[in-house]
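The values are calculated or read from the model by the stated rules, or taken from the named source; none is laboratory data. As the structure is a prediction and not an experimental result, all values here were calculated from the model. Don't worry about glycine lacking a Cβ; one is built from the backbone with ideal geometry, like all the others, and counts go over all protein chains shown.
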Amino acid sequence: MTLLHPQIALQGLATGAIYAVAAMGMQFILGSTGRVHLGVGQALVMTALFLGWTLERTGIPLGWVMLGLSVSGALAARIMHPPALWRHVLREQGDRAFLLITIGAGMAMEALAQWLWPLPGMASVAAGAPLSLSAVFIAWPKGLAIVVSASAALSLYALLHRTRRGKALRAWDMGSAQLETVGVDTHRLARWATSVGLGVAAMGGVLLGMTQVVSAQEWIAWSLKSLCVALIGGGLNPLSALAMGWAMGVGEAWVSQYLGPQWHPALAPVLLPLVLRLRSRGAI
Amino acid sequence: MTAHGEWGRYGSAMSGLYGPPRRKVGWPVAFCGEEVSMDKRAWPALWAAIMILGLGIRISQGTELRIGASVSQTGPFATEVGPFGALLKAWADELNAVGGILTGGKRIPVRMFLYDDRSDEATARRMYERMATVDQVHLMLGPYSSPLTFAASTAAELHKVPFLAICANSPKIYERGYRWIACVIDEAPRYTYRYWEMIRHEGLARSVSFVVEDTLHPKGVYEGARALAQEAGLRVLSSQIAPRDTRDFTTLLVRLKEEDPDILFVSANIPFAIQFMAQARDQRLRPREFHVTHHGGPFLKALGTAAEGVTGQSYWTRAMRGPGADRFLKLLEAARISPDDYPWAPAYMMALQVVEAVLAGAPPLDRASLMEHLKASRTETLGGEVWFRENGVGSINTYPSQIQGGSYQIVWPPELATAPHIYPATKDGNRK
C-alpha cells in the first residue's frame, strides 16, 4: 500500500471538511469573545438528525434544506443566547460560567434530541451512485462536503474582512472595554457572533447528516473535536480552520491506515498540546 | 427544654409570638407557615394506618407477579429493540385481560416495571438496582446486548433476583460464576454455526475476511465464526477489529479490495453495519457475499436496494411458524412492531413463553424458588426448546437468513428454509 492511498486521502478530506466547518463555527465564537461554546457539537448533531427526518418526509431539494437549516440554527442560537446571558458572561471570569452554561444546555438538548430521534440518523444513504476517478470512488455528498467547506471558509473570511461587524470582531483581542470606548456594543456583537457561529455549525450538521450515521449522544465528541481543530488553527481565521480541518481528516485517515482505526480519535488531543507548546497562538 | 426537645422549645416560642400559648402535645409540625400539633391520641391511629398500608402493599406484592425490564428506547441499540417496551406491555395487558398469568391453576395479575436504559451500561445497572430495591420485582428480564446485560446482571446477583437474559450471549457474562442468571439464547461463539454448516455443505466459497465491531457480542460472535469458518474449509484472509464509533472505513475497505474475499463477514450492531455497508457500496467493494450478523429492519430501511442479497442471522420468520406464532403476531400487532423491522422480537417472545411456563409449574412466589424453577425448566417456544446449562447459557440459536426482494428468507437448514440461498448474491459477485 502507498504512503497514503488516494481513496483513503479523499475520504479523509471529506471527513476533514466536516471538522473544518464545525471548527469555523467554534472559532467564530472563541476567536472573538474568547468563550468556549460546547454547544457547537449539539448544533451539528441536531441538524444532522433533523436533516434525515426532513429528507425522509419532504421533497425539498437539498440546497434549500441546507440553507434553511443553517438559518434556523442561527435564529435558534439568537433566541437561546439573550442579552442578559451576555451581560453575565462577558464580565471578568465569565468564561467559566459560559462553559458550564453551554455544557448544561447541550445536555438538556441531548435529552430533547433523544426524545425526538431515538434512532441514529441515517440521511447518509440518500446518496446516489458514486463518482469514479480512475480506481478512486467518491460519493457525491462527500464531494459536496469538501466544496461547501471551502465555500464557507471563503464566505466567513469575507464577512470578517469586509463588514464593520466582522472588523469589530477581529478587534476583540484589544479587550471588550476598549471596544466599548469606540462605540461597539459588545453584548450585541457577541450575540451576533454566536448566531453566525452556530449557524455555520448547523451547516456542518447538514454535511454530517449527508455522509455519516449520527446519534444524539455524539454531540460532546463533536464539540471537543471542533474545539481542538479551532485551537490548533488558532486565532479568528476561517482559512486556518479549513486547513486544519482538512489536515486533521487526512491525518486521521493516515493514522487509521498505519496504526488501526482505534487510534484515529487520539490524533487531535495528542496534537493540541504539542502545537500549543510550539506556537501558543495556534499552528497557522 | 421541654419534653419534646428542640422542636417543643421552638414551638413554644413561635406560639408566644403569634398568639396565646396553646397546650402542646406531641410533635409540632410546620405547615404553610403555621404550626400545628398532633394529639397523642392520633399516634395509634397513624401507626395503624401505616401498618394497614404496609400490609396492603405486602399483600398486593404477594398476589401479583412483578417483572422488571429495561429496553433501549434511545441510543444506538434503539435501532434493534426501541419499541420492545410496547411488546412487553402488550403481553402483560393480554394476560391481565383474562385475570393474569396462570400459576397453580389460578391466575395472578402481572405488573411490569419498564425503563429506558439509553443503551448505556451505567444507566442499565441503575435501573436494575431500582427494580430490585424500590420496585421489589420477583423477576427481571435482561436488557438488549451483552455490555448492558453484563452491567445489569451484577445488580440481580447482588440482590438475588432471578435474571432472565434475552439477547446477551457473550461468554464473558456467564464466566463469572453468577447463580441468578439464565439466558434464552446460546453462547456467541455458536451464534453462526448454521451459516457455516450451509457454506460447508454448498462448497462454493473459498475465503473469508472479517470486519468486527469492538464490543462484547460482535467480538464473541467473531471468535466463534473464525474457528467455524476454518472448520468449514475456508481460508481466513484477514480480521479487522474497529471501534464501535468508527465512521470512516476507507482504510479497511482498501485492504479488503486487495484481498477480494468470497465472503465478507461483518460482525457488528446495526449503526456500525449501516455505516460500513454504505461506504463499501460507495467504494465498489464486491465480495461474493456480504454476511452482516445484524441485518434487521433499520439496516434494510437505511440501505434500501444496497442491502439486497446480504445474509445475516434471524431467530424466526413468519414462514417458520412454531408454538405460539399466531399469538406472537397478535402481540406484535398490538405493539405496532413489524417482525421484519425488529428480528430480535422473537427472542423476547421466547423469554415471555419461558416465564409463563415457569409460573405454570406453580412455584412459590419468592425469588429463590423462581430461580430454581427457571434453571430447571424446559420450554417449547417459538424458536425451539429453551433449556439452561449450569452457567445459565440457553439453547436457542439463530438461522441464516438472506434479504431477497426486500424481505427476509431463512436459507438453512433445508427443513426450515423458506427460500434457497442465492450465492453469489448479485451480478457484482460474478465478476471473476
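Confirm whether A:ALA202 is part of a helix (DSSP H, G or I), more than 14 Å from chain B (Cβ to nearest Cβ) and farther than 24 Å from A:LEU99 by Cα. Can you show your working first?
Working: part of a helix (DSSP H, G or I): yes; more than 14 Å from chain B (Cβ to nearest Cβ): yes; farther than 24 Å from A:LEU99 by Cα: no.
So A:ALA202 does not fit the description; no.
Of the residues B:ALA232, B:ALA155, B:ALA188, which is of a type in the set (Gly, Ala, Ser) and under 20 Å from B:SER395 (Cβ atoms)?
Numbers: B:ALA232 fails: under 20 Å from B:SER395 (Cβ atoms); B:ALA155 fails: under 20 Å from B:SER395 (Cβ atoms).
None of the others qualify; the one that does is B:ALA188.
Does B:ARG107 fit the bill of being assigned to a helix (DSSP H, G or I), among the charged types (D, E, K, R) and either touching a residue at least 40 places away in the same chain (Cβ under 8 Å) or surrounded by fewer than 23 Cβ atoms within 10 Å (Cβ to Cβ) (or both)? Spell out the reasoning first.
Numbers: assigned to a helix (DSSP H, G or I): no; among the charged types (D, E, K, R): yes; either touching a residue at least 40 places away in the same chain (Cβ under 8 Å) or surrounded by fewer than 23 Cβ atoms within 10 Å (Cβ to Cβ) (or both): yes.
No; evaluated as a whole, the condition is false for this residue.
Exactly one of these conditions fails for B:GLY405: (1) assigned by TED's automatic domain parsing to the domain that holds B:TRP196; (2) modelled with pLDDT of 95 or more; (3) among the small types (Gly, Ala, Ser). Give me its number.
That leaves (2) as the condition not met.
Specify which of the listed residues (B:THR311, B:THR293, B:THR317, B:THR305) is within 27 Å of B:ALA345 (Cα to Cα), away from chain A (no Cβ under 14 Å) and surrounded by fewer than 22 Cβ atoms within 10 Å (Cβ to Cβ). Walk me through how you get there before you give the answer.
Details: B:THR311 fails: surrounded by fewer than 22 Cβ atoms within 10 Å (Cβ to Cβ); B:THR293 fails: surrounded by fewer than 22 Cβ atoms within 10 Å (Cβ to Cβ); B:THR305 fails: away from chain A (no Cβ under 14 Å).
Answer to the check: B:THR317.
Could you identify the single residue in A:ARG96, A:ARG87, A:ARG91 that is modelled with pLDDT under 90, out of contact with any strand residue (DSSP E or B) (no Cβ under 8 Å at 6 or more places or on another chain), surrounded by fewer than 14 Cβ atoms within 10 Å (Cβ to Cβ) and under 22 Å from A:VAL196 (Cβ atoms)? Explain how you work it out, then say what you get.
Numbers: A:ARG96 fails: under 22 Å from A:VAL196 (Cβ atoms); A:ARG91 fails: under 22 Å from A:VAL196 (Cβ atoms).
Just one listed residue meets the conditions, A:ARG87.
Tell me the residue from B:LEU252, B:LEU256 that is facing chain A (nearest Cβ under 8 Å) and touching a strand residue (DSSP E or B) at 6+ places or on another chain (Cβ under 7 Å), please. Lay out the reasoning, then the answer.
On the way: B:LEU256 fails: facing chain A (nearest Cβ under 8 Å).
After ruling out the rest, the residue left standing is B:LEU252.
For the subset of the range B:389-415 comprising residues that are assigned to a loop (DSSP other than H, G, I, E, B) and within 17 Å of the chain's Cα centre (by Cα), which member is nearest to B:TYR315 (Cα to Cα)? Can you show your working first?
Within the range B:389-415, the first condition is being assigned to a loop (DSSP other than H, G, I, E, B), and the residues that meet it are B:389-395, B:397-398, B:405-406, B:411-415.
If we keep only those that are within 17 Å of the chain's Cα centre (by Cα) too, we end up with B:392-395, B:397-398.
Values: B:GLY392: 19, B:VAL393: 16, B:GLY394: 14, B:SER395: 12, B:ASN397: 7, B:THR398: 5 Å.
Once the filter is applied, the top-ranked residue is B:THR398.
Which of the following residues is within 14 Å of chain A (Cβ to nearest Cβ) and not acidic (Asp, Glu): B:PRO162, B:PRO143, B:PRO109, B:PRO76? Explain how you work it out, then say what you get.
Details: B:PRO162 fails: within 14 Å of chain A (Cβ to nearest Cβ); B:PRO143 fails: within 14 Å of chain A (Cβ to nearest Cβ); B:PRO109 fails: within 14 Å of chain A (Cβ to nearest Cβ).
Just a single option satisfies the conditions, and that option is B:PRO76.
Could you check, for the range A:42-59, whether at least one of its residues is out of contact with any helix residue (DSSP H, G or I) (no Cβ under 9 Å at 6 or more places or on another chain), modelled with pLDDT under 90 and over 19 Å from A:LEU198 (Cβ atoms)?
Residues of the range A:42-59 that are out of contact with any helix residue (DSSP H, G or I) (no Cβ under 9 Å at 6 or more places or on another chain), as a first pass: A:57, A:59.
Next cut, modelled with pLDDT under 90 only: A:57, A:59.
Add one more test, that the residue is over 19 Å from A:LEU198 (Cβ atoms), and what stays is A:57, A:59.
Yes: one or more hits.
Anything in the range B:172-208 that is within 16 Å of the chain's Cα centre (by Cα) and assigned to a helix (DSSP H, G or I)? List them, or say none.
B:ILE173, B:TYR174, B:ALA188
Within the range A:190-197, identify whether any single residue is away from every other protein chain (no Cβ under 14 Å), surrounded by fewer than 17 Cβ atoms within 10 Å (Cβ to Cβ), among the charged types (D, E, K, R) and farther than 30 Å from B:GLN73 by Cα, and answer yes or no.
At the first step, the residues of the range A:190-197 found to be away from every other protein chain (no Cβ under 14 Å) are A:190-197.
Checking the rest, the ones that are also surrounded by fewer than 17 Cβ atoms within 10 Å (Cβ to Cβ) come to none.
No, every residue in the range A:190-197 fails to be away from every other protein chain (no Cβ under 14 Å), surrounded by fewer than 17 Cβ atoms within 10 Å (Cβ to Cβ), among the charged types (D, E, K, R) and farther than 30 Å from B:GLN73 by Cα.
Can you give me the ranges of the helices (runs of 4 or more DSSP H) entirely in the range A:82-188 with at least 3 residues that are basic (Lys, Arg)?
Values: elements: A:83-89, A:94-116, A:140-162, A:164-170, A:176-181.
So the answer is A:164-170.
Checking B:ARG118 against (1) within 11 Å of the chain's Cα centre (by Cα); (2) over 23 Å from B:LYS375 (Cβ atoms), which test does it fail?
Exception for B:ARG118: condition (1).
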